[in-house]
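Right, one structure below, let's go through it.
The values are calculated or read from the model by the stated rules, or taken from the named source; none is laboratory data. Being a predicted model, the structure only gives us computed values, none of them experimental. Please note: Cβ atoms are built from the backbone with ideal geometry, for glycine as well, and neighbour counts cover all protein chains shown.
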Amino acid sequence: MPHINIGTENSGDISLYYEDHGTGRPVVLIHGWPLSGLSWEKQVPVLLDAGHRVVTYDRRGFGQSGRPAFGYDYDTLAGDLHKLVTELNLRNVTLVGFSMGGGEVARYLGTYGSERAERVVFISSVPPFLQKAPDNPDGVDAALFDAIRVSIVDDRPMFLSGFLSDFYNVDVLGADGASDEVVRLSWNIAAGASPIGTLNCVTAFAATDFRGDLGRIDVPVLIVHGDADRIVPFAASGKRTHEQIPGSRLAVIEGGPHGILWTHAGRVNRELLEFLGKKVEAAPAPA
């Protein structure tokens, strides 16, 4: 199984597990919390069939990657992504971030620039700034994230059950959106993640301000978001990201929950392929 080393903790190495398939223009898929690269099951074959090289990886603490007790902040996580892109010598890459993974995409571009990136995609993503603050009145109340942290510490497996029900809007979409087996698979993946990483990532995706990072993006951008997202509300995230990035393309999926990678895979895949097929033109310079 392919891994790259991203550091050490005491006597052990910290590695990132990744998969690298196909040829052609590369696409890197960055998964959401608290899942793994397996969450791209509906996208990888479609992208390969369209002639792309497709790279997925598991964030530190999740999936088959190392499980250190530190490093669950976006500067470190974007650094992990940079190490992967550099190690694989990817050029003209499209970075696709789902949910928490959109934060890695934003911080990567804000920190390392677009030398290697050709375009970016935000799907159900957390930027520009999820948590409500005096200068961010349209964000989500901080008390909600406090309650999530308490629930994770108290009974993480039980918390995940409720979270994933809302992830797929099971009460509304039922098996037409995600079968019981899909929800169970997601629970198994999430339950196998690092408890420390699961907890600390909540602070990262809730309290990190990406507004400055978005202002540095100078490549074409696609934003895909469901208007029934209960986890990362569209009005607090996708809508505002679109407003902040001049020239970005916004695709709103009517009735789409957070987990649109599965429930609305056909629409997501069409939007991805159309965006990837467009000729790259010079983006407007950041203000």
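Have a look at 97, 61 and point out the one that is touching a Cys at 6+ places or on another chain (Cβ under 8 Å), of a type outside the set (S, T, N, Q) and not in a helix (DSSP H, G or I).
Checking each option against the conditions leaves just 61.
Please determine, by comparing only the residues of the range 244-264 that are more than 14 Å from residue 220 (Cα to Cα) and surrounded by fewer than 16 Cβ atoms within 10 Å (Cβ to Cβ), which one is nearest to the chain's Cα centre (by Cα).
So the residue we want is 252.
Here are some residues: 61, 102, 32, 110. Which one is crowded, with 24+ Cβ neighbours inside 10 Å, out of contact with any strand residue (DSSP E or B) (no Cβ under 8 Å at 6 or more places or on another chain) and small (Gly, Ala, Ser)?
Within the list 61, 102, 32, 110, the selection yields 61.
Test residue 50 against the stated conditions and say whether it is over 17 Å from residue 103 (Cβ atoms) and modelled with pLDDT of 95 or more.
Spelling it out, residue 50 is indeed over 17 Å from residue 103 (Cβ atoms) and modelled with pLDDT of 95 or more.
Has the range 114-130 got at least one residue that is part of a strand (DSSP E or B), touching a strand residue (DSSP E or B) at 6+ places or on another chain (Cβ under 6 Å) and among the basic types (Lys, Arg)?
yes
Just checking, how many residues over the range 30-39 are closer than 12 Å to residue 123 by Cα and not in a strand (DSSP E or B)?
Summing the residues that are closer than 12 Å to residue 123 by Cα and not in a strand (DSSP E or B) in the range 30-39 gives 2.
Give me the helices (runs of 4 or more DSSP H) completely within the range 152-233, filtered to those with at least 1 residues that are under 18 Å from the mean Cα position of the chain (by Cα), ordered by residue number.
180-191, 195-207, 211-214
Taking the stated definitions as given, is residue 84 of a type in the set (A, V, I, L, M), modelled with pLDDT of 95 or more and either under 20 Å from residue 190 (Cα atoms) or surrounded by fewer than 17 Cβ atoms within 10 Å (Cβ to Cβ) (or both)?
no
Among all residue pairs at least 6 apart or on different chains, which show Cβ distances below 9 Å where the first residue, located in the range 253-277, is among the aromatic types (Phe, Trp, Tyr) and the second is part of a helix (DSSP H, G or I) and surrounded by fewer than 20 Cβ atoms within 10 Å (Cβ to Cβ)?
If the second residue must be part of a helix (DSSP H, G or I) and surrounded by fewer than 20 Cβ atoms within 10 Å (Cβ to Cβ), the pairs left are 262/182.
Yes or no: the range 184-196 includes at least one residue that is surrounded by fewer than 21 Cβ atoms within 10 Å (Cβ to Cβ), of a type in the set (D, E, K, R) and touching a strand residue (DSSP E or B) at 6+ places or on another chain (Cβ under 8 Å).
The answer is no; no qualifying residue exists.
So how many residues does the range 74-97 have that are over 28 Å from residue 24 (Cβ atoms) and within 14 Å of the chain's Cα centre (by Cα)?
1
Mind telling me which of the residues 164, 199 ends up being in contact (Cβ under 8 Å) with a residue 12 or more places away in the chain and closer than 24 Å to residue 227 by Cα?
Going through 164, 199 in turn, just one is in contact (Cβ under 8 Å) with a residue 12 or more places away in the chain and closer than 24 Å to residue 227 by Cα: 164.
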